[in-house]
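The values are calculated or read from the model by the stated rules, or taken from the named source; none is laboratory data. Everything numeric here is computed off the predicted structure, so don't read it as measured data. Virtual Cβ from ideal backbone geometry, glycine too; neighbours counted across all protein chains shown.
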Amino acid sequence: MKTLLNMLFAGTLGVVAQGAGAAPCAPADCKALDAVARDYIEGWYDGNAARMRNALSPQLAKRNVAQGADGARVEEMGADGLIYYTGKGAGATRDPALRRADVTVLDVSGDMAAVKLVAQDWVDYLALARIDGQWKIVTVVWELHPR
């Protein structure tokens, strides 16, 4: 069931990214969105809380669905928690040779955008908003790569 839901979600994003209403990403927006996604993931990998803070809206909601013995539950972390763990080096223990940061801008519509980030161990779908002229990550939905 989870795999089916993931396929439907990914398929929906593909339709959004390639749909008739999707406009091409302006080069300046694509460059800025890529830079924000890289501040987020490279900040995590390097333990650089300043880069992470630069990428996030203070109202960030980062969520994943965790499967447990008692069923599925949605886990959530905010900007403060993510910045804290970044600064503590939670992601910095990763082998630099294995680091992965594949960034794909899926869609831009006015002051909102969707970006897919494939990292070393997981996939993030980032929802970004242009706030006071700067792109910021507002929501992240993520999942570990299948083992």
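One line per residue, one yes/no per condition, for (1) assigned to a strand (DSSP E or B); (2) closer than 23 Å to PRO24 by Cα; (3) in contact with a His (Cβ under 7 Å, 6 or more places away or on another chain); (4) free of Cβ contacts under 8 Å to residues at least 12 places away in the same chain:
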site: ALA66; (1), (2), (3), (4): yes, no, no, yes
site: GLY89; (1), (2), (3), (4): no, no, no, no
site: VAL103; (1), (2), (3), (4): yes, yes, no, no
site: LYS116; (1), (2), (3), (4): yes, yes, no, no
site: THR139; (1), (2), (3), (4): yes, yes, no, no
*asked:* Can you tell me which residue is nearest to ARG63 (Cα to Cα) among those in region 124-137 that are assigned to a strand (DSSP E or B) and out of contact with any Leu (no Cβ under 8 Å at 6 or more places or on another chain)?
replied: ALA127
*Of the conditions (1) at pLDDT 85 or above; (2) outside any helix (DSSP H, G or I), ALA20 fails just one. Which one is it?*
(1)
_I'd like to check something: does region 129-137 contain any residue that is among the basic types (Lys, Arg), surrounded by 14 or more Cβ atoms within 10 Å (Cβ to Cβ) and at negative phi?_
yes
*asked:* I'd like to verify a number: residues in region 95-126 that are within 14 Å of the chain's Cα centre (by Cα) and crowded, with 17+ Cβ neighbours inside 10 Å, how many?
replied: 13
*Of all residues in region 43-89 being surrounded by fewer than 17 Cβ atoms within 10 Å (Cβ to Cβ) and of a type in the set (Val, Ile, Thr), which is farthest from the chain's Cα centre (by Cα)?*
VAL74
